[in-house]
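Have a look at the structure below, then the notes.
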C-alpha cells in the first residue's frame, strides 16, 4: 500500500494512554498526516467520559510535545467531534468537519466497517497492551486506588491528570452514579 495523504485516528481519550501513542506512531507510518478525532466531545463529568473535550485536547497536545517532540503539529491535527449517533452517516459527517482524508487507523471493528463501507482505507494497527491499558481499565484502577494505572500513561499525562484533580473527580462521580 502506498502511503496515504491523511488518515483519521478516532478515540475518546478518557484518558490518553500508551496504546493511543502507539497507534499515532503507527498511523504516521502509513500516512503523511493524521487527524486525531476527540470523539464524544459533548460528553464530560460522567464515569465513562470524565474529561472535557478541552481537557483531552490539552492532554493530547502536552503528551505529543513530550513524546513526538516539537514540530509534531506539521503532521498531526487534533479535532473535537460531537457524537451524532447515526453510524451509517458518521464517516460523511467527519468528511464535512475535517480536511480531506483517505482512511482510518483504528482497532474498533465498527469504525473499520464504517470506513470500508464508504470505500476508504480501514487500517487495523497492532494492539499495544490492550488487556492492561485501556481507558476503561485505567479508570477502574483509579477507582480501586490501584496506583498501577500510572504505568499505562506517559508521566506527563499522569502529571496533567493530577493537576486537574482527575482521581478526585472520578471518585466523586462514582459516588453519584
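The values are calculated or read from the model by the stated rules, or taken from the named source; none is laboratory data. Since we're looking at a predicted model, the values are computed, not measured. Counting neighbours? That spans all protein chains shown, and the Cβs are built from the backbone with ideal geometry, glycine included.
At-a-glance table
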{"item": "Extreme residue, nearest to residue 100 (Cα to Cα), among residues of region 35-47 that are assigned to a loop (DSSP other than H, G, I, E, B) and free of Cβ contacts under 8 Å to residues at least 60 places away in the same chain", "result": "39"}
{"item": "Any pair with Cβ under 8 angstrom, 6 or more apart, that starts in region 21-33 at a residue that is touching a residue at least 12 places away in the same chain (Cβ under 8 Å) and ends at one that is assigned to a helix (DSSP H, G or I)", "result": "21/63; 21/67; 24/64; 24/68"}
{"item": "Counted residues, region 112-121 - those being in contact with a strand residue (DSSP E or B) (Cβ under 6 Å, 6 or more places away or on another chain) and either modelled with pLDDT under 90 or not in a loop (DSSP other than H, G, I, E, B) (or both)", "result": "4"}
{"item": "Matching residues in region 130-150 - criterion: being surrounded by 14 or more Cβ atoms within 10 Å (Cβ to Cβ) and in a loop (DSSP other than H, G, I, E, B)", "result": "132, 133, 134"}
{"item": "Test result for residue 19, part of a helix (DSSP H, G or I) and modelled with pLDDT under 95", "result": "yes"}
{"item": "Verdict on residue 56 being surrounded by 14 or more Cβ atoms within 10 Å (Cβ to Cβ), in contact with a strand residue (DSSP E or B) (Cβ under 7 Å, 6 or more places away or on another chain) and closer than 19 Å to residue 154 by Cα", "result": "yes"}
{"item": "Qualifying residue in region 90-101 (condition: assigned to a loop (DSSP other than H, G, I, E, B) and surrounded by 12 or more Cβ atoms within 10 Å (Cβ to Cβ))", "result": "yes"}
